[in-house]
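What follows is a single structure, written as structure tokens, with notes after it.
Please treat every number below as a calculation from the coordinates, not as lab data. For clarity, every value in this text was computed on a predicted model and none was experimentally measured. Counting neighbours? That spans all protein chains shown, and the Cβs are built from the backbone with ideal geometry, glycine included.
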Amino acid sequence: MAVYTTIDSPIGELLLTGEPSADGVVLTALSMGGGKGVAVREHWTADPAAFGSVAAQLGDYFAGERTEFDLEFTTAGSDFQRRVWQALDRVPYGDTVTYGEIAARIGASRAAVRAVGTAIGSNPLLILRPCHRVIGADGSLTGYAGGVERKQRLLELERARRAA
């Protein structure tokens, strides 16, 4: 049975969903209000306590005290999506990469950049799997499930903390 909670953050309300486990919860999604992503389903159970570690680590991230997450999560996706998501997981805090660079990192052709963008757009773990660190080839901030304004705020937060 799925559990969920919402938490406030400097970029707005975050929706956390997961499956109960012996250690609390296995995270299945992190999405943002007003963006595309997961919606609470009728049969889910609200369980804020199950997400204590997730909420604490996100709080540390927004306070500039955490640059990596140590959380148990699971996501379903195609082999191609998982390869793209693994490449996202290796983009360092405060850095950015282009869609073309992600394609190259997974051994995909230049023609696959659009498919890479689609896979990135399907990322169910916003912030934790740093799709906000992917930018256009010209340096522009392009699509983000949480909205481009939030993408900009996350990048500014990381760059400010990294420079400190």
Point to revise | Dipole of the chain, positive direction: furthest Cα of Phe62, Gly52, Ala119, with charges on the beta-carbon | key: Ala119
Point to revise | Cα centre as origin, Lys/Arg/Asp/Glu Cβ charges: the chain dipole, Debye | key: 720 debye
Review point. What Rg and what Dmax come out for the chain when only alpha-carbon atoms are used, in angstroms?
Key: 15.6, 46
Study note, to complete from the structure: With Ala50 itself left out, Lys, Arg at +1 and Asp, Glu at -1 over residues whose Cβ is under 11 Å from its Cβ give -3
Practice item. Before anything else, pin down the relative contact order of the chain: Cα pairs under 8 Å, at least 6 apart, normalised by residue count, whole percent. Key: 22 percent
Revision key, fill the gap. Taking R0 as 25 Å and r as the Cβ-Cβ distance between Thr6 and Glu101, the FRET efficiency 1/(1 + (r/R0)^6), rounded to the nearest 0.05, comes to 0.15
Check your understanding: If each of Val26 and Ser78 carries a label point 7 Å out from its Cα toward its Cβ, how far apart are those two points in nm?
Key -> 2.4 nm
Revision key, fill the gap. Here the range 79-163 gives, from Cα atoms, an Rg and Dmax in Å of 11.9, 36
